[in-house]
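Comments concern the structure below.
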Amino acid sequence: MTNPEKLNGPVKLVKTGNAYAFRLSKSDCEFLDVDGDTTFEKIISPDGKEITFRKIELVRANILATANELFDEHEDLMKRLDGLFT
């Protein structure tokens, strides 16, 4: 596995059409397990000195939706189970 400390360092903005982008190396993408279809959340600090990009885990959203559906479908069972532990 790649040491993340070796991936740290300065990057420059690249002009792409009317926008700019940060370049991720192949090593960066492999370590982060991302590709062109990955969605990120962008967070800019109030002072404008830091940008954080967080990978949005779509699987978690699906798991939560599935869990909510299961709880809704089996609401009576969930209430009985809850009664066992209270």
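List of remarks:
- Given charges at beta-carbon only (K, R positive; D, E negative), |dipole| of the chain in Debye: 700
- In the chain, helices alone account for a calculated mean residue ellipticity at 222 nm of -11500 deg cm²/dmol, with every DSSP H run of four or more residues adding -39,500 (n - 2.57).
- The alpha-carbon atoms of the chain define a convex hull whose volume equals 224 cubic angstrom per residue.
- Neighbour count of at most 16 Cβ within 10 Å plus DSSP loop: longest GluC sites (Glu not before Pro)-free window in the chain: 1-49
- A simple spin-label model places the labels of Tyr20 and Ala67 4.0 nm from each other, with each point 7 Å out along Cα-to-Cβ.
- Each residue of the range 18-32 was assigned a 3J(HN,Hα) from its phi angle through the Karplus curve 6.51 cos²θ - 1.76 cosθ + 1.60 (θ = phi - 60°); the sequence is 9, 10, 10, 9, 8, 8, 9, 6, 4, 4, 4, 5, 5, 5, 7 Hz, with glycine and proline shown as x.
- 3J(HN,Hα) couplings calculated from phi for the range 11-16 with the Karplus curve 6.51 cos²θ - 1.76 cosθ + 1.60 (θ = phi - 60°) are, in sequence order, 9, 10, 6, 10, 7, 10 Hz; Gly and Pro show x.
- From phi via Karplus (6.51, -1.76, 1.60), per-residue ³J(HN,Hα) for the range 51-58 in Hz, x at Gly/Pro: 10, 10, 10, 10, 5, 8, 8, 5
- For Ile44 and Asn3, the FRET efficiency from 1/(1 + (r/R0)^6), where r spans their Cβ atoms and R0 equals 30 Å, is about 0.60.
- Lysine pairs with alpha-carbon atoms under 25 Å apart, the chain, spacing 8 or more or separate chains: 15
- The range 27-71: C-alpha gyration tensor shape, a/c 1.5 cut-off, then a/b vs b/c: oblate
Values quoted throughout were computed directly from the atomic coordinates according to the rules given, and no laboratory measurement underlies them. Keep in mind that this is a model prediction, so the values were computed, not measured. Please note: Cβ atoms are built from the backbone with ideal geometry, for glycine as well, and neighbour counts cover all protein chains shown.
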